[in-house]
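S.K.: Below you'll find the structure I mean.
The values are calculated or read from the model by the stated rules, or taken from the named source; none is laboratory data. Small disclaimer: the values here were computed from a predicted structure and weren't measured. Cβ sites come from the backbone with ideal geometry, for glycine too, and all protein chains shown count toward neighbours.
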């Protein structure tokens, strides 16, 4: 009868509003039906000793409600911290984390000391899910216990460490620097790169970590402070790290020198975004535009009053009028014997994409428009065929695909032991096909 009476009151939503006597609660705590004990364990007006009694209930669901109940005495929490059921400890972690502000190991108050001890034990829990719940609950708590936060930050499981590494205001710069060097978990450096505030010292350490992914995230984090000389070092290394290009180009407060360097090697779509930035000063935009003109020939078009014969001659040799001067430059270099594999690769690395394409064309007497078309189509086989015909190494053929055609890493045709994987017949066919484009 007692269980039926309790359920009737509960279904009306009065279990936490209507008072319950001690004797009634004591009887319900021993009820044979699990649902009754579960509802009692969730009430906040139950005597502490009864909640302590329910903390040893045979049902994990009952103990889970006791663990989540803020009225549960701290002594019962210490009992539940060793519970055999992971879900119980997860519920306890979520609750105790809400009591964490201001706790530390030196607290003299007995109850707060018990809460701290419970929290500390949960941070060492063998179940990843328990530590993950705790980390997520504490990640933005400004006065969470520092030693508990540090333990979570040093956790070997990324799911546990990442929340506090990315968000916790408790971690000091020295904490972060130590973790960047040690890298205790996968993605630890990347998580630090995305913090709301990253100081110059921490940025230096991230860049010195040689973690390309983390550095890319740091560059894309506009609140991160990066010294100008550090940024210059990144730019010098960035030509072969595609994932850095766009975040570099869009960094706020770019110095003129840095902007010009970046403009020399990023892809055309990123260049366009860079030029359109509203936050760059007119002087920087002008400097970047000058680099764009030199690279892409945008300011080198044949004047409208030049003869039609000149234009027809240009078209006959596969040159668009915008590419005329660059093609002429490559032709003169070839005639003087100034173009070889080393020169082509250096030109690619310098970010002078259009000149490199023109060099490839003149080296094999190939229409420039076909070279450009092959790159625009992002044709891996076409780019490999051009590199092969030019006498470039199979390894450098990968750079031609990557830098001149912006082909995705997953689509690049790679060499095997420094040898071209496509047959000569296949490569010759590719060249014939491209000439017809």
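S.K.: What number of residues within region 140-168 are part of a loop (DSSP other than H, G, I, E, B) and either in contact with a strand residue (DSSP E or B) (Cβ under 7 Å, 6 or more places away or on another chain) or modelled with pLDDT under 95 (or both)?
M.R.: So the count comes out to 6.
S.K.: Being modelled with pLDDT of 90 or more and in contact with a strand residue (DSSP E or B) (Cβ under 7 Å, 6 or more places away or on another chain) narrows it down to one residue among 394, 405; which is it?
M.R.: The match here is 394.
S.K.: Limited to region 24-82, what total is found for residues that are loosely packed, with under 15 Cβ neighbours inside 10 Å, under 16 Å from residue 114 (Cα atoms) and over 45 Å from the mean Cα position of the chain (by Cα)?
M.R.: So the count comes out to 1.
S.K.: Could you tell me whether region 353-363 includes any residue that is touching a residue at least 24 places away in the same chain (Cβ under 8 Å), outside any helix (DSSP H, G or I) and either on the phi < 0 side of the Ramachandran plot or within 31 Å of the chain's Cα centre (by Cα) (or both)?
M.R.: Scanning region 353-363, I find no residue that is touching a residue at least 24 places away in the same chain (Cβ under 8 Å), outside any helix (DSSP H, G or I) and either on the phi < 0 side of the Ramachandran plot or within 31 Å of the chain's Cα centre (by Cα) (or both), so the answer is no.
S.K.: Checking residue 272 against (1) loosely packed, with under 14 Cβ neighbours inside 10 Å; (2) touching a residue at least 60 places away in the same chain (Cβ under 8 Å), which single condition isn't satisfied?
M.R.: (2)
S.K.: Cβ-Cβ below 7 Å, separation at least six or inter-chain, first residue in region 365-384 and on the phi > 0 side of the Ramachandran plot and in a loop (DSSP other than H, G, I, E, B), second crowded, with 19+ Cβ neighbours inside 10 Å and modelled with pLDDT of 90 or more: which pairs?
M.R.: Hits for this filter: 378/405; 378/407.
S.K.: What about residue 176, is it buried (at least 21 other Cβ atoms within 10 Å of the Cβ), in a helix (DSSP H, G or I) and more than 26 Å from the chain's Cα centre (by Cα)?
M.R.: no
S.K.: Quick check on this structure: which one of 238, 190, 214 is in a helix (DSSP H, G or I), at pLDDT below 95 and surrounded by 21 or more Cβ atoms within 10 Å (Cβ to Cβ)?
M.R.: Just a single option satisfies the conditions, and that option is 238.
S.K.: Which of the residues that make up region 207-224 are under 15 Å from residue 176 (Cα atoms) and either in contact (Cβ under 8 Å) with a residue 60 or more places away in the chain or in contact with a strand residue (DSSP E or B) (Cβ under 7 Å, 6 or more places away or on another chain) (or both)?
M.R.: Selection gives 218, 224.
S.K.: Determine, yes or no, whether residue 92 is under 28 Å from the mean Cα position of the chain (by Cα), assigned to a helix (DSSP H, G or I) and buried (at least 23 other Cβ atoms within 10 Å of the Cβ).
M.R.: Spelling it out, it is not the case that residue 92 is under 28 Å from the mean Cα position of the chain (by Cα), assigned to a helix (DSSP H, G or I) and buried (at least 23 other Cβ atoms within 10 Å of the Cβ).
S.K.: OK, next. Kindly provide the set of residues from region 251-265 that are modelled with pLDDT under 85 and closer than 20 Å to residue 217 by Cα, ordered by number.
M.R.: The answer is 265, and nothing else.
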